[in-house]
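The values are calculated or read from the model by the stated rules, or taken from the named source; none is laboratory data. Computed from a predicted structure; not experimentally measured. All Cβ positions, even for glycine, are placed from backbone atoms using ideal geometry, and neighbour counts span all protein chains on display.
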Amino acid sequence: MVTESVEHSCSRGLMCNLLVMACIFIGAQLGYLFASYPGFASPIWPPSGISLAIILLKGRGVLPGIFFGYLSANLTLDHNSIYFLKSWWGSLMISCGGVLQPWLCSLMIQRSATWPQKSFSQSTALQFILIAGPLGSIIGASIGTFALYNYDDLSPQNFPHTWGTWWIGNCIGACLFTPIIYMTFQNFTRGLQYILPSLLTFGLTTSITIFAEIWQNERNRTEYISTLEHTAAEFRQRFEAIEQALISTKSFFQYTKFMDTKGFEEFAQVFLNRVPEIQAFYLLNVDSKSMSDGVPLVTYQKSKQEEELSTAQRKHLYEILGSTTHRLHDSHNPFYSEVITSDKHIYLATAIRYSNHTPRLFLLVKINTQAILETLNHSVPMSDYRYTILEPKSQAMITSAPLHPQDAVHTDTTKIDVGSTLWIFHLEKTSLRKSWMSWVIQMLSLILALTLSFVMINFRDRTEEIRREVRNQTIELITLSEQLKASNEELERFVFTVSHDLKVPLVTMTGFVGMLKNHLEKGELDKVPDSLNRIRSSSAKMSNLISELLNYSRIGRRKKAKKSCDLNKIVAECLTNLQYGIQSKKIEVNIAENLGEICGEYERILQAFSNLIVNAIEHGSSATEPRITIRSSQTQDGDLEVYITDNGEGIDPQHHQIIFELFQSKSESPDSTGVGLAIVDKVMKTHGGKVWVESSPQEGATFVLSFPREIVNARRSLT
Amino acid sequence: MTRVKKKLHILLVEDDDDHAELVAFNLEAQGIIKSLDRASDGIEALEYMKHCSKQQNSTMPDLILLDLKLPKMDGLEVLAELKRDEAYKSIPIVMLSTSDSEADQATAYQNYANGYMIKPMDFDIFVEMVRDFSNFWGKWNCQPKHKNE
């Protein structure tokens, strides 16, 4: 049986995990839809939200499902996808990150204020969203980006962008998907109510992301094209500048039949200073006269560091000219130049004619590629671009600093025609740098998701809360109004009873005042003292009654400080006060030890006990051996019951309730004001307890005071 | 010719000694008293009535003055008791109480009280009340004769 249920739960767990895996896989595919540069991460990543919701609902058991979901999603990426991971390790690490993030998030959420939540308050909703979203995403983003960096060639420049996009993607995914999935499981109908706003938010953030991407790409494209054109133009310009510089020296050459070394040196100096792109400068005189050894005479070179050229070198230079000489020959331009490359150097070969004769001089200008490079580098933001300018025949190349191979996205090649040579200009751009505008848009979309999910969580719950509040307050109001009604009724009854019962002594007083007047008129002075006495005692009675009533009304209204009352002490005090009555009536009093201790208003409790003992004395004295017993016990609920028993005439059962009401005293004693037992009743009520009597005629009476357990001070167990 | 006031045998059921004294004094002063008996509570009153009916010579009261507020047995109960009993029900009972509550009055009449007086808080008025009362019951009212007479 046991194995069966274990197996059953195992298979259930397996089913659950497979389901989770499928969900994560689908969510991942959805996320990949938003794949775009920059950032090798998806700006909206549903699996982070799905996984967190499922962990909160089902617990740790689903972790394998999540892990394999991520792994399967990563490994099934197609080669052409930008997310394609070359290394297994990278996928594993990313999957670990994908599991770790929701798991740690769930632990943090469960540890934070009051979880699990049936409903969210504003602060707990905020906490939930912040932990699930921004805080938790740090984990996933960091692990993922680190994995890519380590195992998959993420360029350092790309690190922050990838991390940022990953973080935003996980945030949005968590904010949108966690609340809705979690709540749908908790309460399906309520979950349904969330679906529409969720879809709306999802649609909105998706649109914003896509818009941001499109806009970004557009910008990149435009920038790229302009940079391409600009750089090509720049390149051409440099060469044209050199050409122009040479043309400007035409006049110099025009009027020089042949040059002497010094003259040429001066010329060269000026010329070289003007054009920094020239590295070296060779003047080749192909006059037959100077062709001493079949090699033209080189008459100048730029840098003094370069030694006098050897024959071999001179020959080499002539060879460089090569076929250019024919073209230079054939051209009828008095000043013809051409760019040639050799040995990966670039030369500008210029033929100078004096007249219509064949050219005599060839200027070979060695171009300082470094200088050109520097110029180009100034005009192109080097962090974003790489270019290669290549002369296909000679493989001469000008190239900027290498770009991370992963970064090169946009590439384009164009041909530049410079100095009648066709160069290939290859421009690569990394469009992986997000512009600040794009970040702003993405952050906006994140804030939108956060706000909307916060509002969503709060919105419905608030109405539930409000409804409950209103219900509670209505109940409170009803209770209060009922209390008020009862209190008013009591007051009315009280006033009625009071005015009623005050009439009695008043009648006596006025009556005997009249009698007194009568006696005095008739001169019956011996009857005067009697009348006076009656008047006096009546007024005393009235005053007594009034003060008892005031006392009664104050119980519960004017609360005295609650303190610990030892019941034995209280009883002892009562007996001391009443000892005259006890002794004169020869009443035997038995008091149990350890009656108990309660927390209450000392004076009131004393009053209650006093009134009951007075009653016991009065009514109990009719017995032959009057006896009063006081003992206590504790009920099962923990209430403390005190029993005051007398063996007097007892009380008729039909009167057991009424004697506690005001002025319903069945006592014959003239001192009885009818308030005593009412006071006891009220005192007990204000302490949350009650009083009742157990008695039958001629069998004495036991008054029971019941104190609720909340005010009983725990002590050693009582009898 | 002015009528002569009869003298009546009155039972006064009143627990308060002072009130009893006042009523007794005034009734005496009005000369309506043949004999006045007092019961301090309902039980005593009923016992008295039983005692009276057992006597050879009828000493049943001509009139009962009954207070509402009595210990041990409520005045209305006594009234009901007396009016139920064949022997006593013809004796006129006039309630004499401090209570001016209409409910009490209504209940008293429902229990066949023959009258209801409210004890005034002014002695002169008290005197006047007892005088008019005595005039009516002593001079003008015809009392039923008892069987034994």
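Entry remark, segment B:42-55: residues being within 14 Å of another protein chain (Cβ to nearest Cβ) and either buried (at least 21 other Cβ atoms within 10 Å of the Cβ) or of a type outside the set (D, E, K, R) (or both) number 2 in total. One residue is enough: does segment A:638-649 have a residue meeting the conditions modelled with pLDDT under 85 and surrounded by 20 or more Cβ atoms within 10 Å (Cβ to Cβ)? Among the residues of segment A:638-649, at least one is modelled with pLDDT under 85 and surrounded by 20 or more Cβ atoms within 10 Å (Cβ to Cβ), which makes the answer yes. For segment A:657-667, taking the residues that are within 17 Å of A:Pro505 (Cβ to Cβ) and facing chain B (nearest Cβ under 10 Å), the one that is modelled with the lowest pLDDT is identified as A:Ser667. Before we move on, is B:Ala87 modelled with pLDDT of 90 or more and away from every other protein chain (no Cβ under 11 Å)? Answer is no for this residue.
Going by what's in this entry, would B:Leu70 be described as outside any strand (DSSP E or B) and more than 13 Å from chain A (Cβ to nearest Cβ)?
When the stated conditions are applied, B:Leu70 does not pass them.
B:Glu81 falls short on exactly one of the conditions (1) within 14 Å of chain A (Cβ to nearest Cβ); (2) farther than 27 Å from A:Asp530 by Cα; (3) surrounded by fewer than 19 Cβ atoms within 10 Å (Cβ to Cβ), and that condition is (1).
For beta carbons closer than 6 Å, sequence separation of 6+ or different chains, a first residue in segment A:101-126 that is over 22 Å from A:Pro46 (Cβ atoms) and surrounded by fewer than 19 Cβ atoms within 10 Å (Cβ to Cβ) and a second that is of a type outside the set (A, V, I, L, M, F, W, C) and modelled with pLDDT of 85 or more, there are no qualifying pairs.
Just one of the numbered conditions (1) outside any strand (DSSP E or B); (2) without any contact (Cβ under 8 Å) to a residue 40 or more places away in the chain; (3) in contact with a Leu (Cβ under 9 Å, 6 or more places away or on another chain); (4) more than 14 Å from chain A (Cβ to nearest Cβ) is not true of B:Trp137: (2).
Does B:Ala20 meet the test of being within 11 Å of chain A (Cβ to nearest Cβ), in contact with a Leu (Cβ under 8 Å, 6 or more places away or on another chain) and surrounded by fewer than 21 Cβ atoms within 10 Å (Cβ to Cβ)? Criteria met by B:Ala20.
Output the residues belonging to segment B:23-40 that are touching a residue at least 40 places away in the same chain (Cβ under 8 Å) and either surrounded by fewer than 14 Cβ atoms within 10 Å (Cβ to Cβ) or within 14 Å of chain A (Cβ to nearest Cβ) (or both).
B:Val23, B:Asn26, B:Leu27, B:Ala29, B:Gln30, B:Gly31 - these are the residues of segment B:23-40 that are touching a residue at least 40 places away in the same chain (Cβ under 8 Å) and either surrounded by fewer than 14 Cβ atoms within 10 Å (Cβ to Cβ) or within 14 Å of chain A (Cβ to nearest Cβ) (or both).
You will find that of A:Phe239, A:Phe185, the residue that is modelled with pLDDT under 80, surrounded by fewer than 17 Cβ atoms within 10 Å (Cβ to Cβ) and among the hydrophobic types (A, V, I, L, M, F, W, C) is A:Phe185 and no other.
With respect to (1) more than 14 Å from chain A (Cβ to nearest Cβ); (2) part of a strand (DSSP E or B), the lone exception for B:Lys6 is condition (2). Would you point out which residue out of A:Ile143, A:Ile139, A:Ile168 is assigned to a helix (DSSP H, G or I), closer than 20 Å to A:Ile208 by Cβ and at pLDDT 85 or above? One residue alone meets the criteria, A:Ile168.
Within segment A:195-247, being among the aliphatic types (A, V, I, L, M) and over 30 Å from A:Ala280 (Cα atoms) holds for A:Ile195, A:Leu196, A:Leu199, A:Leu200, A:Leu204, A:Ile208, A:Ile210, A:Ala212, A:Ile214, A:Ile225. Kindly check whether there is at least one residue in segment A:597-612 that is among the polar types (S, T, N, Q), in the same structural domain as A:Val704 (by TED's automatic domain parsing), more than 30 Å from A:Phe496 (Cβ to Cβ) and at pLDDT 85 or above. Among the residues of segment A:597-612, not one is among the polar types (S, T, N, Q), in the same structural domain as A:Val704 (by TED's automatic domain parsing), more than 30 Å from A:Phe496 (Cβ to Cβ) and at pLDDT 85 or above, which makes the answer no.
Of all residues being of a type in the set (Ser, Thr, Tyr) and closer than 13 Å to B:Ser101 by Cα in segment A:482-500, which is surrounded by the most Cβ atoms within 10 Å (Cβ to Cβ)? Just the residue, please. Walk me through how you get there before you give the answer.
Of all residues in segment A:482-500, those of a type in the set (Ser, Thr, Tyr) come to A:487, A:497, A:499.
Narrowing the set further to residues that are closer than 13 Å to B:Ser101 by Cα leaves A:497, A:499.
Numbers: A:Thr497: 18, A:Ser499: 11.
For segment A:482-500, the residue satisfying everything is A:Thr497.
Note on segment B:99-120: residues that are within 11 Å of another protein chain (Cβ to nearest Cβ), surrounded by fewer than 15 Cβ atoms within 10 Å (Cβ to Cβ) and among the hydrophobic types (A, V, I, L, M, F, W, C) total 1. When the criteria are applied in full, B:Leu96 meets the requirement of being at pLDDT 90 or above, surrounded by 19 or more Cβ atoms within 10 Å (Cβ to Cβ) and within 11 Å of another protein chain (Cβ to nearest Cβ). Might you let me know whether segment A:414-431 holds any residue that is modelled with pLDDT under 75, assigned to a loop (DSSP other than H, G, I, E, B) and among the aliphatic types (A, V, I, L, M)? Within segment A:414-431 (the criterion being modelled with pLDDT under 75, assigned to a loop (DSSP other than H, G, I, E, B) and among the aliphatic types (A, V, I, L, M)), the answer is no, since none of the residues qualifies. Does any residue of segment B:121-132 turn out to be more than 14 Å from every other protein chain (Cβ to nearest Cβ), without any contact (Cβ under 8 Å) to a residue 24 or more places away in the chain and not in a loop (DSSP other than H, G, I, E, B)? Scanning segment B:121-132 turns up at least one residue that is more than 14 Å from every other protein chain (Cβ to nearest Cβ), without any contact (Cβ under 8 Å) to a residue 24 or more places away in the chain and not in a loop (DSSP other than H, G, I, E, B). Exactly one residue out of A:Glu573, A:Glu618 is charged (D, E, K, R), surrounded by fewer than 18 Cβ atoms within 10 Å (Cβ to Cβ) and either within 24 Å of A:Asn551 (Cα to Cα) or in contact with a Pro (Cβ under 6 Å, 6 or more places away or on another chain) (or both), and it is A:Glu573.
Mind checking which residues of segment A:630-649 are over 16 Å from A:Gly689 (Cβ atoms) and of a type in the set (A, V, I, L, M, F, W, C)? Within segment A:630-649, just A:Ile630 meets the criteria. Working only within segment A:500-552, note down all residues that are within 7 Å of chain B (Cβ to nearest Cβ) and either of a type in the set (Lys, Arg) or under 60 Å from the mean Cα position of the chain (by Cα) (or both). Passing the criteria: A:Lys503, A:Arg534.
Considering only residues in segment B:56-67 that are under 16 Å from B:Lys7 (Cβ atoms), under 14 Å from the mean Cα position of the chain (by Cα) and in a loop (DSSP other than H, G, I, E, B), the one that is farthest from the other protein chains (Cβ to nearest Cβ) turns out to be B:Met60.
When you go through A:Glu265, A:Glu234 one by one, which is the residue that is in a helix (DSSP H, G or I) and modelled with pLDDT under 70? Every option except A:Glu265 fails the conditions. Filtering segment B:84-93 to residues that are out of contact with any Ser or Thr (no Cβ under 8 Å at 6 or more places or on another chain) and surrounded by fewer than 22 Cβ atoms within 10 Å (Cβ to Cβ) leaves B:Arg84, B:Asp85, B:Glu86, B:Lys89, B:Ser90, B:Ile91, B:Pro92.
Among the residues of segment A:640-649, is there at least one that is within 14 Å of chain B (Cβ to nearest Cβ), acidic (Asp, Glu) and either in contact with a strand residue (DSSP E or B) (Cβ under 9 Å, 6 or more places away or on another chain) or part of a helix (DSSP H, G or I) (or both)? The answer is yes; a qualifying residue exists.
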